[in-house]
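Novice: Let me give you the structure first, and then I'll get to my questions.
Just so it is clear, none of the values below were taken in a lab; they were calculated from the coordinates. All values derive from a computational prediction rather than experimental measurement. Note that we place each Cβ from the backbone using ideal geometry, even for glycine, and neighbour counts take in every protein chain shown.
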Amino acid sequence: MGTVLVVSAHPSAQSFTNAWAEASVAAARAAGDDVLRSDLGAMGFDPVEAPGVYGLPNGEAFDPLKAQQAASEANELPADVAEEVAKVRAADRIILHFPIWWFAPPAALKGWQDRVFAQGALHSEDARFDRGMCLGKEVLFCVSTGARESECGPDGKEGDLRLQLWPLAYTFRYLGMTVLEPVSVHSVHGYHEGEAKQAVEAQLRSVLDAQTELAARWNSLPRMVFNPEGDFDADGRLKADAPSHSPFVRHA
């Protein structure tokens, strides 16, 4: 038993994204877990980091990291941010539900990271990666695309979905979390008609119905592999004898 934070990033309460998120909530509760919920659309969470939220005048030089650190140290983070930081700290597992828009997660989710993963609150210069403040926590991405599965692979014309998600995954890795391999559902859009629409709707229902079983298999789900800090030299470059696990971190 533990605490699960379910985060969704979609403006529509009737979206498949939010239906899938609620299936995760139900699965966690059925397993006896405590559940925390952040529906960024319903919350109206402001994704824009700005001087005004720290009581600083607009138009003057603004250093987000220093502002976050000062607010964290003084226990004066903006209320909406402080609430989300508390959820992340309390969670053993985090499940993110979101669509891919323009080859990336929605701005709402990126902004949630920008503001909630605050300097001094969830990371610092000395507490990141293998020494991160969130060591022991695990995160899973449940992702939908409008494109077909065949278009989202390494040779697909929509680009490799796994690579598109790598920057998001590395952000959680930066905090010290373990990142599970993403779970994805494809061809999710509102333009299907007739038999095609019926087939997709049946597929989506099966995904929702299977979420409890997916949650039960959590410990056996594959994990993403990242280089440990010992694989890098004093200049932060990958050592010659260290393996590369991603095109984002590779030998020059």
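Novice: Need one number: nm distance between label points at D233 and D46, each 7 Å from Cα along Cα→Cβ, rounded to one decimal.
Specialist: 4.6 nm
Novice: Among the trypsin sites (Lys or Arg not before Pro) within segment 151-252, which fall in a DSSP loop and have no more than 10 other Cβ atoms within 10 Å of their own Cβ?
Specialist: Within segment 151-252, the qualifying trypsin sites (Lys or Arg not before Pro) (loop, at most 10 other Cβ atoms within 10 Å) are K157, R217, R250.
Novice: Also: In segment 150-236, which GluC sites (Glu not before Pro) fall in coil by DSSP and have 14 or fewer other Cβ atoms within 10 Å?
Specialist: Counting only loop positions with at most 14 other Cβ atoms within 10 Å, the GluC sites (Glu not before Pro) in segment 150-236 are E193.
Novice: Express in whole angstrom the spacing between the alpha-carbon centres of segment 1-75 and segment 121-168.
Specialist: Rounded to whole Å, the Cα centres lie 17 Å apart.
Novice: Among A31, W101, A19, flag the residue with its Cα farthest along the positive direction of the charge dipole of the chain, charges on Cβ as +1 for Lys/Arg and -1 for Asp/Glu.
Specialist: A31
Novice: Report the full-extension gain for the segment A70 to E213: residue separation times 0.36 nm, less the Cα-Cα distance, to one decimal in nm.
Specialist: Stretched out fully, the A70 to E213 stretch lengthens by 47.1 nm.
Novice: List the relative contact order of segment 1-136 as a percent without decimals, with contacts defined as Cα pairs under 8 Å and 6+ residues apart.
Specialist: Once divided by the residue count of segment 1-136, the mean separation gives 34 percent.
Novice: If you take every DSSP beta bridge whose two residues both sit in segment 3-221, what share of them, in percent to the nearest 5, is antiparallel?
Specialist: If we restrict to bridges inside segment 3-221, about 10 percent are antiparallel.
Novice: Need the full-extension length gain, S124 to E195, defined as separation in residues times 0.36 nm minus the C-alpha distance. One decimal, nm.
Specialist: Taking S124 through E195 to full extension adds about 20.3 nm, to one decimal.
Novice: Also, quick follow-up: Over all Cα pairs of segment 51-106, how is the pair count split among 5 Å bins, expressed in % and running from 0 up to the last occupied bin?
Specialist: Here the calculated profile for segment 51-106 is 4, 15, 18, 17, 15, 18, 11, 2.
Novice: Within segment 75-142, list the chymotrypsin sites (Phe, Trp or Tyr not before Pro) lying in a DSSP loop whose Cβ has at most 10 other Cβ atoms in a 10 Å radius.
Specialist: W102
Novice: Test of understanding: ordering H189, H123, H251 by Cβ neighbours within 10 Å, fewest first, what list do you get?
Specialist: Ascending number of Cβ neighbours within 10 Å: H251, H189, H123.
Novice: Hey, another quick one. To check my understanding: the extent here is largest minus smallest coordinate of the Cα atoms along each principal axis. What are those three numbers for the chain, in Å, largest first?
Specialist: So the three principal-axis extents are 56, 47, 41 Å.
Novice: Could I ask something else about it? Per residue and in Å³, how big is the convex hull formed by the alpha-carbon atoms of segment 110-161? Display every interim value, and only then the final one.
Specialist: Values: hull volume 6.9 nm³, N = 52.
Hull volume normalised by residue count: 132 Å³.
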